[in-house]
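Chemist: The structure that follows is given in the form of structure tokens.
Laboratory data are not the source of any read-out in this text; all were calculated from the coordinates shown. All of these numbers come straight from a predicted model, not from anything done at the bench. Glycine also receives a Cβ, built like all others from the backbone with ideal geometry; neighbour counts cover every protein chain displayed.
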Amino acid sequence: MTTVMPSLAADKGNPDARRIVSIGGTITEILYDLGAQDRIVARDSTSFYPQDAMSKPDVGYMRALSAEGILGQRPDLILMEEGSGPPPVIDILKASEVPMVVVPTPPRADKIGQKIRDVGAAVGLSAKAEELAVRTEADLRALAADIAGIKADRKKVLFVLSLSNGRVMAGGADTEAGAIIELAGATNAAPQINGYKPLSDEAVIAARPDVILSMVRGDHAITPDKVFALPSMQTTPAAENKALISMDGLLLLGFGPRTPQAARTLAAQIYPGEISQ
């Protein structure tokens, strides 16, 4: 049985599930927030928050899953973010007798509450999920009110996913990166592309970003020396001010209960003194 959650529905999933395989960092985070962490028997590699989640068996990256690895955990519910895969593995999981719920995860702040409600419905915790969703939505409204009061000119922010052979892989329209930039009161500097795609040098120069945004990646982190050494970056306002912001990837792009905090933290760094964290 496979369910793609269109809305809150208490009869979906397996409310009594005690062996949940959670696929997707935000799904796992929500389960912890709902107090269902003891019911998680395994998680995917994007599920590294909170720290305790790392103690659960890892079934692999959400877009490169193994059916054997998941079913070997003997789950009574597979709960996953939309976009998990690859498709042949999803087909095998659908054909199994294990209930599977696929939760839509559009990169939109106004859909976070529904995501929380869907996860709660799937595991029989709708009341707790409603409380969490309402609280998160209130935090988003408070953030929007504070963002509206910013007096500074809106900054252009370019999200850089990676640097490869001197090319910038950027976040364009219809991405979590673009959405969090707008939520923080700034303008996405690469609206002309859809998804995460490489930008030509000419496009980077024309974008003239005020700030570069990236994810924290340990040894592979994008540093000011690396990014601002690129010829395409050297004439940008961001390079002039060495304006690079790096944040935890799941916090920044997860679009879950911590998103109001993530956007507020980002806004406070883009507009120093305008927004309190």
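Chemist: For the chain, modelled as a Gaussian network with Cα springs under 10 Å, which listed residue fluctuates most, SER55, SER232, SER126?
Modeler: Of SER55, SER232, SER126, the Gaussian network model singles out SER55 as fluctuating most.
Chemist: While we're here: Among PRO104, PRO87, PRO257, which one shows the biggest mean-square fluctuation in a GNM of the chain, springs joining Cα atoms closer than 10 Å?
Modeler: Among PRO104, PRO87, PRO257, the largest mean-square fluctuation in the Gaussian network model of the chain belongs to PRO87.
Chemist: Hey, can you rank 38-45, 165-172, 249-256 by average C-beta count inside 10 Å, highest first?
Modeler: Working: 38-45: 20.8, 165-172: 18.4, 249-256: 22.4.
Output ranking for 38-45, 165-172, 249-256: 249-256, 38-45, 165-172.
Chemist: Report the residue, chosen from ILE20, ILE245, ILE112, that carries the largest GNM mean-square fluctuation when the chain is represented by alpha-carbon nodes joined by springs under 10 Å.
Modeler: Residue with maximal mean-square fluctuation among ILE20, ILE245, ILE112: ILE245.
Chemist: So how much slack lies between GLU68 and ARG108, counting 0.36 nm per residue of separation and subtracting their Cα-Cα distance, in nm? Mind dumping the intermediate values first?
Modeler: Values: separation 40, 0.36 × 40 = 14.40 nm, distance 3.29 nm.
So the extension gain works out to 11.1 nm.
Chemist: How many percent of Cα pairs in the range 156-270 exceed 22 Å? Present the calculation step by step, with values, prior to reporting the outcome.
Modeler: Details: 1507 of 6555 pairs.
Cα-Cα pairs in the range 156-270 separated by more than 22 Å: 23 percent.
Chemist: Also: Taking other Cβ within 10 Å of each residue's Cβ, how do GLU274, GLU81 sort, fewest first?
Modeler: Values: GLU274 15, GLU81 23.
Neighbour counts put them in this order, fewest first: GLU274, GLU81.
Chemist: Now, a different point. In what sequence, highest mean first, do 152-160, 27-35 appear when ranked by Cβ atoms within 10 angstrom?
Modeler: Values: 152-160: 20.4, 27-35: 23.6.
The packing order, highest mean first, is 27-35, 152-160.
Chemist: Taking the 0 to 90 degree range and rounding to the nearest ten, how far is the long axis of helix 259-270 tilted relative to the main principal axis of the chain, both from C-alpha atoms?
Modeler: So the inclination is approximately 10 degrees.
Chemist: Roughly how many nanometres apart are two label points built 7 Å out from the Cα toward the Cβ at ALA127 and GLN192?
Modeler: Result: 5.5 nm between the two label points.
Chemist: To the nearest 500 deg cm²/dmol, what mean residue ellipticity at 222 nm is calculated for the chain from DSSP H runs of n ≥ 4 alone, each contributing -39,500 (n - 2.57), summed and divided by the residues? Don't jump to the answer; show the numbers that get you there.
Modeler: Values: 11 runs with 99 residues, N = 277.
Taken over the chain, the calculation gives -10000 deg cm²/dmol.
Chemist: Which lysines have a Cα lying under 21 Å from the Cα of LYS242, excluding residues fewer than 8 positions away in the same chain?
Modeler: Cross-link targets: LYS155, LYS156, LYS226.
Chemist: Shifting gears a bit: To test your reading of the geometry: what angle, between 0 and 90 degrees and rounded to tens, separates the Cα axis of helix 126-148 from the longest principal axis of the chain?
Modeler: It works out to around 10 degrees.
Chemist: For the range 2-141, what does the alpha-carbon gyration tensor say about shape, rounded, prolate or oblate, given a ≥ b ≥ c as the root eigenvalues, a/c under 1.5 as rounded, and a/b over b/c as prolate? Intermediate values should be presented prior to the final figure.
Modeler: On the way: a/c = 1.55, a/b = 1.46, b/c = 1.06.
Because a/c hits 1.5 or more and a/b exceeds b/c, the range 2-141 counts as prolate.
Chemist: Taking a quarter of the surface of the Cα convex hull of the chain, what do you get in nm²?
Modeler: On the way: hull surface 58.5 nm².
Quarter of the Cα hull surface area: 14.6 nm².
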